[in-house]
Amino acid sequence: MTCSEARQWSAKSCSKFLHREQREGIVRARVTTAVAIDDPRRADVVRRLERSSGKKVRATFAVDPSLIGGTRVQLGDRLVDTSLATQLQELKRSLAGAP
């Protein structure tokens with residue numbers, strides 16, 4: 001849960017919650033996929049993020065069909081975008097610059 005999701009929280013409560021997460025080494029992740037993924041797959045994604053970051057991950061999941069395929073992960077201040085839409089945009093830019 002985020003502070004914005006818990007609208008009944010006061011600013012002070014929200015601040016305490018976020019500081020506690022920081023002290024405990026918890027990092028937030030927002031995982032966006034082109035299609036919904038089931039709970040076992042979500043758990044696998046969280047395990048992989050925890051392994052690669054070395055931190056406890058608290059993830060939220062969203063679906064954005066415009067990604068076409070792949071995943072976009074915002075982990076703390078890092079964005080990893082492996083979506084098909086982004087790959088196609090990069091290919092388009094690359095081809096536009098080719099002689």
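One table, with the values for the structure above:
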quantity: Every pair of residues 6+ apart whose Cβ atoms lie under 7 Å, when the first sits in segment 47-75 and is modelled with pLDDT of 95 or more while the second is acidic (Asp, Glu) and surrounded by 15 or more Cβ atoms within 10 Å (Cβ to Cβ); calculated: LYS56/GLU50; VAL57/GLU50; ARG72/ASP81
quantity: Residue list for segment 59-99, restricted to those being surrounded by 15 or more Cβ atoms within 10 Å (Cβ to Cβ) and in contact with a strand residue (DSSP E or B) (Cβ under 6 Å, 6 or more places away or on another chain); calculated: ALA59, PHE61, THR71, ARG72, VAL73, GLN74, LEU75, ASP81, SER83
quantity: Unmet criterion (only one of (1) under 17 Å from ALA85 (Cβ atoms); (2) in contact with a helix residue (DSSP H, G or I) (Cβ under 7 Å, 6 or more places away or on another chain); (3) not aliphatic (A, V, I, L, M)) for ASP64; calculated: (2)
quantity: Qualifying residue in segment 32-43 (condition: in contact with a Pro (Cβ under 9 Å, 6 or more places away or on another chain) and surrounded by 14 or more Cβ atoms within 10 Å (Cβ to Cβ)); calculated: yes
quantity: Filter result (in contact with a Gly (Cβ under 7 Å, 6 or more places away or on another chain) and part of a loop (DSSP other than H, G, I, E, B)) within segment 67-99; calculated: THR82, SER83
quantity: Residue selected from segment 24-46 under the condition modelled with pLDDT of 95 or more and part of a loop (DSSP other than H, G, I, E, B), by the criterion nearest to ASP81 (Cα to Cα); calculated: ALA34
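The values are calculated or read from the model by the stated rules, or taken from the named source; none is laboratory data. Everything numeric in this text was worked out from a predicted model, so none of it was measured. Every residue, glycine as well, gets a Cβ built from its backbone with ideal geometry; the counts of neighbours run over all protein chains shown.
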